[in-house]
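One structure, pasted below without further comment.
The values are calculated or read from the model by the stated rules, or taken from the named source; none is laboratory data. None of the values given here were measured: they were computed from a predicted structure. Cβ atoms come from the backbone with ideal geometry, glycine included; neighbour counts cover every protein chain shown. Each accessible area value is taken on the protein alone, full model and side chains, heavy atoms only, with ligands, DNA and RNA left out. Shrake-Rupley method; radii C 1.70, N 1.55, O 1.52, S 1.80 Å.
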Amino acid sequence: MGFDLRARLAERRAQHRYRTPPLMHSSCGRTAVADGREFLNFCSNDYLGLAGDPRIVAAFRDAADQWGVGSGASHLVCGHQSPHQALEEALAEHCGRKRALLFSNGYMANLGAVTALVSRGDAVFQDRLNHASLLDAGQLSGARSRRFAHNQADALASLLARSDAARKLVITDGVFSMDGDEAPLAAYLAACEAHDAWLMVDDAHGFGVLDGAGRGSLWHQGVQDRVPVYMGTLGKALGTAGAFVAGSDELIETLIQFARTYVYTTAMPAAVAAATLVSLDIVRREAWRREKLTALVQRFRRGAAELGYALMDSKTPIQPLLVGGDADALALSRRLRDDGLLISAIRPPTVPEGQARLRITFSAAHEEADVDRLLAALQQASDG
């Protein structure tokens, strides 16, 4: 039979699931120039509007002059430079942890952490809607993988009670990237503590956004002292790039020794770490960004509900508009694009069958008039 790539691609096209990256001609921000046209951008993860902040850009530029544009080696060879160390210490302090460890991106942080912590004979328990990187990490670890119904702590507790694995690792997103809702962390921790399991939280979409100081889901839900493994990313709310895992001395030393995606890859450029230090300081001090973001989300939800659109249970900047059919979601995305609004249609396998949607994301860079323009376009679309 061989590799019949054409047939596989043709099948994806026929399912209305063929994906093509838009060609961007501008930096990430409130507006975007894609394929030669300017749009209002409602599909980036730049939640606090920091990706183009001139203070962060200046810090990156200054650090590049001093440190160059590449680290030149992995952390353990000679790539761990002073800005990396300073950022790790600042992240640990911000998250209330003993230490933090930088990774090149969130995918590598999840793969590295999970495969360093569990292996054959162990068990991994994951929310059914966890990010692909977490699911892949569980499979690659060699541990026995079990998935439980989304946000159902009772289902998790039942699985844990039946497991005789040597080590049990429960993994969840803090904020789910396609639904925008939050995991019930206190209930998960109760199940973990009753059955001698550890909890790992991927807070890619909560870090920087949730809690008054932007410390993320753990602080937002009041469980900051009970979660052993915390992962956050820097390329979303903080506007730069990379990721980190924070925890105890023993956890970080374990990752340094056994996380292959840390050991065997070149460190992020020091200029990125230096820029992120400035970004983290802004996140801490400028609470108005989170306050504005919350107000924009509330304005959108009120307006969309009045228009009769099906909203999901999300109070975060991720506001999915559930459509259902793949072709219908694509059609709505194209209709809004014609109106100058850039919003991606998300289809299976990224989301479950029959749950295609528009993933609308908000930024503190947006204005109330932008939300109103989006609502007006949605009203026109619903009117046909």
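Checking the cross-link filter: which lysines have an alpha carbon closer than 27 Å to that of LYS168, excluding same-chain neighbours under 8 positions apart?
Qualifying lysines at Cα under 27 Å: LYS98.
Keeping the other protein chains in place, figure out the carbon and sulfur percent of the accessible area of the stretch 5-78, with a 1.4 Å probe. Display every interim value, and only then the final one.
Working: 2570 of 4720 Å².
Summing carbon and sulfur atoms, their accessible area is 54 percent of the total for the stretch 5-78.
Moving on. Report the extension gain between LEU322 and ARG167 in nm, rounded to one decimal, defined as 0.36 nm multiplied by the number of residues separating them, less their alpha carbon distance. Intermediate results must be reported in sequence, preceding the final value.
Details: separation 155, 0.36 × 155 = 55.80 nm, distance 3.79 nm.
Fully extending the segment from LEU322 to ARG167 adds 52.0 nm.
Sticking with this structure for a sec: Cα centroids of the stretch 311-384 and the stretch 171-199: how far apart, whole angstrom?
After rounding, the separation between the Cα centres reads 27 Å.
Now for a separate question. What value, in deg cm²/dmol to 500, does the helix sum -39500 (n - 2.57) over DSSP H runs of n ≥ 4 give at 222 nm once divided by the residues of the chain? Write out the running numbers ahead of the final one.
On the way: 14 runs with 161 residues, N = 384.
It comes out at -13000 deg cm²/dmol, rounded to the nearest 500.
Give me the distance in nm between label points sitting 7 Å out from Cα along the Cα-to-Cβ direction at THR20 and ALA310, one decimal.
Between THR20 and ALA310, the label points sit 2.9 nm apart.
Tell me, what is the per residue accessible area of the stretch 261-319 in Å², probe radius 1.4 Å?
Values: 2580 Å² over 59 residues.
So the stretch 261-319 comes to 44 Å² accessible per residue, rounded to a whole number.
For the chain, modelled as a GNM with alpha-carbon contacts under 10 angstrom, which of ALA155, ALA137, ALA241 fluctuates the most?
Result for the chain, Cα springs under 10 Å: ALA155 fluctuates most.
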